[in-house]
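Heads up, the thing below is written out as structure tokens.
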Amino acid sequence: MIEEPRRYRVEFASGTAASVAERRSFRDLERNDIEPDLPGWPAQPPFRVRGFFGKLGVYVRCATIRLLLLPLIIIADALGSPVSPEKRGELEERENEIDDFPVMWAGEGETARTLPWQLDPSRRSWRTMTEIEVAEPDGLVRIWSYEDTMQGSRHLSWGGGGKVPGSEALLWTLPRSEIVGAEIKRFSLDESDFRVSFRDGSWVRLTSSPNGAQRVVALLGQGMPVSDPAPARP
């Protein structure tokens, strides 16, 4: 019996360091911004690394949120359901995780540039969900989207969680043989970020749930063909 491919929620990662929190950039091999060159992508304000006061604002906001959540954490712990705060792992690449936060690294015409813009949460409707499907080693990797029935807003939702009938769309396909590696990025909340590297040397940084990230990396690491060593990473 052939097992049906599993799907996992996925989107472009967002920075977690104060300088790049909730931001992401798209770069060529010389670290130039390539967003304006990505065909069909909705325009966004240019990426900026936060300065001192911007980073201070992030720290203040995070501290305020933690203080507001503290009573809930104490109550949950008293009821026997301890809540562990999200943890971020070791910094691996300062130039790509603090000084900048590229989620796409690709030269002209390279594979990473073909990823759909719907993976960017700042460009799509907050009700649009994107999922990755990993098939057998000699098959295809697909990215799907659908509209969720949840109620609320981008920052606060309640109820729903189903799929709007007829909203599912296939956004992207790629032969699995074009993917040469995938790895968890430790400098992310609960190690939920992962990098997918393509045969031409381009790569993308995506995020999922911690379990989803681990599963996708494990699946993309199975049965991959032997290839030439990838170019040194920026």
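Where a number appears in this text, it was derived from the coordinates with a stated rule and is not lab data. Worth saying up front: this structure is predicted, and the values here are computed from it rather than measured. Reconstructed Cβ throughout: ideal geometry from the backbone, glycine too, with neighbour counts over all protein chains shown.
Between the beta carbons of residue 41 and residue 138, assuming R0 = 25 Å, the FRET efficiency works out to 0.20 to the nearest 0.05.
Modelled spin labels at residue 48 and residue 171, positioned 7 Å past Cα toward Cβ, are 2.7 nm from each other. Listing 163, 185, 87 from fewest to most neighbouring C-beta atoms within 10 Å gives 87, 163, 185.
Extension gain, residue 215 to residue 163, is 16.5 nm, computed as 0.36 nm per intervening residue step minus the present C-alpha separation.
If the chain linking residue 122 and residue 7 were pulled fully straight, counting 0.36 nm for each residue of separation and taking away their Cα-Cα distance, it would gain 39.2 nm.
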